[in-house]
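Structure first, commentary second.
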């Protein structure tokens with residue numbers, strides 16, 4: 001167990017190191033930092049002196065070490081485009097992205113599991129067929145088209161919900177801004193959350209349905225029925241419980257995907273989050289922001305994967321036995 | 001043997017299991033026809049498109065925003081699917097856009113396929129540390145969504161390319177980015193199949209008589225692992241088309257001078273609020289039909305090639 005944890009942590013650290021190397025290479029070798037700092041009249045000697053003072057003539061390893069040291073302290077320099085510290089920019093926009101990701105992730109999980117259980121229990125039902133057909137569309141429609149479709153229906157035709165932005169936000173202590181506390185904020189959240197969560201919802205639903213159908217065929221369900229347990233107990237106490245292990249794993253991994261797909265949703269709905277910031281930085285080749293986002297998103301993914309791996313190990317006893325047996 | 005005794009190649013193809021399963025599946029036939037029509041229409045766009053939308057001399061700004069099948073009040077021209085904000089015929093922009101979408105999609109999948117097959121064959125055949133390193137990279141990459149990988153590769157590559165060449169290089173960078181984000185699937189499947197095949201007698205026999213390992217891989221093992229590769233390739237094509245459309249929609253894909261379906265949707269979205277729905281709707285429907293048809297073809301192929309489902 002301990003060896004497994006250590007191996008996974010070393011692996012994660014290695015991934016972060018590689019990502020940091022890419023980010024650093026981007027940072028250091030795209031354009032000349034000196035040219036972007038000084039005017040045209042600066043002499044070559046002055047440029048060289050500045051280069052030495054800033055440590056740009058140091059060996060690669062020293063510079064990379066300094067970059068990592070700064071990154072750990074959250075210092076990624078100043079955005080070329082917005083002329084503000086990168087970390088400040090990201091922290092300002094992080095609440096918007098996290099609130100969106102949280103709401104759509106929760107909605108996807110709740111609706112996905114309930115729809116999956118329903119369609120598995122009523123396989124031939126009219127509603128089940130309908131849900132499955134809709135889920136096929138949900139899987140094959142690209143995220144941005146779903147967003148446009150929702151905007152067209154609910155914002156242009158019906159005019160029920162706002163089509164862009166985050167509505168009014170309330171500043172909380174600690175620099176966090178929330179849209180949950182105002183009605184315009186809650187209304188603005190609905191369409192982006194559906195757009196972002198629909199794909200994950202169909203994924204979870206199909207997974208739950210497939211797992212449920214699999215489990216309902218097993219012997220212990222037959223025995224539970226033979227013991228005369230009620231349908232309710234069999235379905236929810238026995239069947240659902242055993243389907244949830246893979247579902248929780250996948251949902252955990254999908255959390256990262258939600259944050260990644262937020263880039264698209266945020267662009268469609270002009271949501272002031274980190275994803276929109278990143279896209280604008282790619283368009284403008286704003287290297288410090290790109291480097292910081294790269295490191296940040298990799299960190300989020302590595303942490304999520306690590307937790308899911310460890311949870312899986314804790315939840316599924318078979319894994320422990322197999323590994324133990326394979327050892328000798 | 002004379003030709004009268006052996007059935008012709010065409011007949012053997014028609015008579016094969018795959019063709020039989022295709023004829024039995026209405027969904028596969030419809031998807032195949034839809035995909036073929038769009039691909040052919042895109043390939044022959046210069047011949048069948050009513051106008052060349054990127055030839056400035058054929059444009060008339062007064063034609064702008066002409067609704068579908070209606071006569072423009074000023075110029076008297078009509079367009080089957082309407083005209084966009086610059087007076088370009090929407091049908092023609094779709095045909096030319098689908099050309100670019102399909103070009104990027106096919107190129108990216110072929111790139112991913114070559115890369116993935118090479119990595120998979122080497123990893124599966126050689127084993128050892130080569131295998132360990134390649135599969136570790138694959139594992140790590142697989143834990144990130146491919147659209148994010150493509151976006152990051154695209155962003156990083158853009159950073160390294162001098163600004164003057166960004167426009168001309170964009171399409172190639174896009175192909176490499178989407179291809180690199182998608183090679184893992186091929187590599188894993190090929191590696192697994194190679195590991196199974198390399199233990200079989202025919203490979204051992206080839207090895208014993210001293211056939212060059214590269215020749216064994218390419219002539220003996222590769223043909224036997226191509227089935228699953230084709231399935232992943234088909235589904236990968238749908239994914240690549242959608243990935244390209246997504247990146248172009250986000251404004252980081254192909255340059256505006258070579259608009260793909262994604263770019264057209266991005267332009268169309270700006271006119272959604274003012275009621276010019278046709279600029280958005282028709283490119284979106286084309287993209288959807290194309291992606292769905294290719295996806296369903298992939299699903300059918302997977303079932304048709306799976307002996308357990310026969």
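Structure above, values below:
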| read-out | value |
| --- | --- |
| Residue B:158 being away from chain A (no Cβ under 14 Å) and touching a helix residue (DSSP H, G or I) at 6+ places or on another chain (Cβ under 9 Å) | no |
| Segment A:147-188 - residue that is within 11 Å of chain B (Cβ to nearest Cβ) and in contact (Cβ under 8 Å) with a residue 24 or more places away in the chain and, of those, surrounded by the most Cβ atoms within 10 Å (Cβ to Cβ) | A:147 |
| Unmet requirement for residue A:57, which otherwise passes all of (1) more than 30 Å from residue B:162 (Cβ to Cβ); (2) surrounded by fewer than 17 Cβ atoms within 10 Å (Cβ to Cβ) | (1) |
| Single residue of B:230, B:305 found to be within 16 Å of the chain's Cα centre (by Cα) and over 30 Å from residue B:54 (Cα atoms) | B:230 |
| Selection from segment B:19-29 of residues that are in contact (Cβ under 8 Å) with a residue 12 or more places away in the chain and either part of a helix (DSSP H, G or I) or under 16 Å from residue B:106 (Cα atoms) (or both) | B:21, B:22, B:27, B:28 |
| Tally of residues being within 16 Å of residue A:291 (Cβ to Cβ), outside any helix (DSSP H, G or I) and in contact with a helix residue (DSSP H, G or I) (Cβ under 7 Å, 6 or more places away or on another chain) across segment A:57-78 | 5 |
| Conditions (1) touching a residue at least 60 places away in the same chain (Cβ under 8 Å); (2) under 16 Å from the mean Cα position of the chain (by Cα); number of the one not met by residue A:257 | (1) |
| Segment A:231-280, subset more than 24 Å from residue A:102 (Cβ to Cβ) and in contact with a helix residue (DSSP H, G or I) (Cβ under 6 Å, 6 or more places away or on another chain), residue surrounded by the most Cβ atoms within 10 Å (Cβ to Cβ) | A:239 |
| Elements of type helices (runs of 4 or more DSSP H) contained in segment B:195-310, each with 3 or more residues being buried (at least 23 other Cβ atoms within 10 Å of the Cβ) and away from chain A (no Cβ under 13 Å) | B:222-249 |
| Selection within segment B:126-147 - outside any helix (DSSP H, G or I) and more than 12 Å from chain A (Cβ to nearest Cβ) | B:127 |
| Every residue from segment A:119-177 that is more than 29 Å from residue B:286 (Cβ to Cβ) and in a helix (DSSP H, G or I) | A:119, A:120, A:121, A:126, A:127, A:128 |
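Here, each number is a calculation from the coordinates, and none is a lab measurement. Being a predicted model, the structure only gives us computed values, none of them experimental. Glycine gets a Cβ as well: all are built from the backbone with ideal geometry, and neighbour counts include every protein chain shown.
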